[in-house]
1. Kindly check whether there is at least one residue in region 124-132 that is touching a strand residue (DSSP E or B) at 6+ places or on another chain (Cβ under 8 Å), surrounded by fewer than 21 Cβ atoms within 10 Å (Cβ to Cβ), farther than 19 Å from T192 by Cβ and touching a residue at least 12 places away in the same chain (Cβ under 8 Å).
2. State all residues of region 196-228 that are touching a residue at least 12 places away in the same chain (Cβ under 8 Å), part of a loop (DSSP other than H, G, I, E, B) and more than 13 Å from V113 (Cβ to Cβ); if no residue qualifies, say none.
3. Which of (1) under 25 Å from R96 (Cα atoms); (2) in contact (Cβ under 8 Å) with a residue 60 or more places away in the chain does E49 not meet, given it meets every other one?
4. Could you please let me know if A62 is touching a strand residue (DSSP E or B) at 6+ places or on another chain (Cβ under 9 Å), at pLDDT below 95, buried (at least 24 other Cβ atoms within 10 Å of the Cβ) and more than 14 Å from V213 (Cβ to Cβ)?
5. Return the pairs, sorted by first residue and then second, in which the second residue is assigned to a loop (DSSP other than H, G, I, E, B) and among the β-branched types (V, I, T), the first residue lies in region 159-184 and is within 20 Å of H42 (Cβ to Cβ), the beta carbons are less than 8 Å apart, and the residues are 6+ apart or on different chains.
6. Being in a helix (DSSP H, G or I), β-branched (V, I, T) and either touching a Gly at 6+ places or on another chain (Cβ under 6 Å) or crowded, with 24+ Cβ neighbours inside 10 Å (or both) is the filter here, so list the residues in region 65-105 that pass it.
7. With the structure loaded, tell me whether P18 is at pLDDT 90 or above, surrounded by fewer than 18 Cβ atoms within 10 Å (Cβ to Cβ) and of a type outside the set (D, E) or whether it fails that test.
8. Those residues that are surrounded by fewer than 17 Cβ atoms within 10 Å (Cβ to Cβ) and in contact with a His (Cβ under 7 Å, 6 or more places away or on another chain), I need them from region 165-203; list them, please.
Amino acid sequence: MTALGFLYPGHSAEDDYPRIEQLLGSDIRVDLVHTDIGEDAHRVDALREMGSAERLAEGVGALRLSGAEAVVWACTSGSFVRGWAGAQEQVRALARTAGMPASSTSFAFVHAVQEIGARRVAVGATYPDDVTALFVDFLRAGGVEVVAARSAGIVTAAEVATWGEAETLTLAREADAPEAEAVLLPDTALHTATHIPTLEKDLGKPVLTANQVSVWEALRLTGRRVNAPSLGSLFTREPIVQV
């Protein structure tokens, strides 16, 4: 049994995680601890505070007791708003506090893009324009070429959590570009666990979503690979990134 730990801000699309655990169909346990979201706002100052070391440290004890072997800060915007160097320091501090390997959803996207061998991507973000731009900057700092980006302009995670497959598919279609080799949907407040096959079939290319890549990243940290076609191309390809 491999136990994966996640720190998840507030309550939005956390039910994606038990769904993903079921879809993995293996000896994988997903343990999720909620962190205090503070102000629910896709605004840079609020997002920086959401991912503060103090807030993350509060959830680490419960994950250690669960037997988690690695921890992922399952919040994309709460990491990339700090920039590449700031997000690295956030993860290093989390690893020191937790006493286990650590990462975040932002880094998971960079590693997942490398894993599927994509060079150019499109981004479909639920965020306002300024926050989306920071995610694009983060990806570029990680060596990912972003050829198109679309912002839905949603301010709160609570509103994002109300979206279903239709709204998510519309965003992915609007974000896509012919030259993009994959489409990224970077909000962990967005329910996507059961939509990925539909998204990939419609767009005809890999689709990477926040909760999907977060779980994949935790598996990567523990040296595990699981073949799970219902979770999309990311979970079916031969490894490109070396663990």
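The values are calculated or read from the model by the stated rules, or taken from the named source; none is laboratory data. The model shown is predicted, which means the values in this text are computed figures rather than measured ones. Positions of Cβ are backbone-derived with ideal geometry, glycine not excepted, and every protein chain shown enters the neighbour counts.
1. yes
2. Step one: list which residues in region 196-228 are touching a residue at least 12 places away in the same chain (Cβ under 8 Å), which gives 196-200, 202-203, 205-226, 228.
The next check asks that each one be part of a loop (DSSP other than H, G, I, E, B); those that pass are 205-206, 222-226, 228.
Result: T222, G223, R224, R225, V226, A228.
3. That leaves (2) as the condition not met.
4. Numbers: touching a strand residue (DSSP E or B) at 6+ places or on another chain (Cβ under 9 Å): yes; at pLDDT below 95: yes; buried (at least 24 other Cβ atoms within 10 Å of the Cβ): no; more than 14 Å from V213 (Cβ to Cβ): yes.
Answer is no for this residue.
5. Cβ pairs passing all conditions: V160/T126; V160/I154; W163/T126; T168/T192; L171/T126.
6. Looking only at region 65-105, we keep the residues that are in a helix (DSSP H, G or I), and these are 65-66, 77-80, 83-98, 105.
Those still in the list that are β-branched (V, I, T) too: 91, 97, 105.
Of everything in region 65-105, just one residue is in a helix (DSSP H, G or I), β-branched (V, I, T) and either touching a Gly at 6+ places or on another chain (Cβ under 6 Å) or crowded, with 24+ Cβ neighbours inside 10 Å (or both), namely T105.
7. On the way: at pLDDT 90 or above: yes; surrounded by fewer than 18 Cβ atoms within 10 Å (Cβ to Cβ): yes; of a type outside the set (D, E): yes.
Yes; evaluated as a whole, the condition is true for this residue.
8. Correct list: E165 only.
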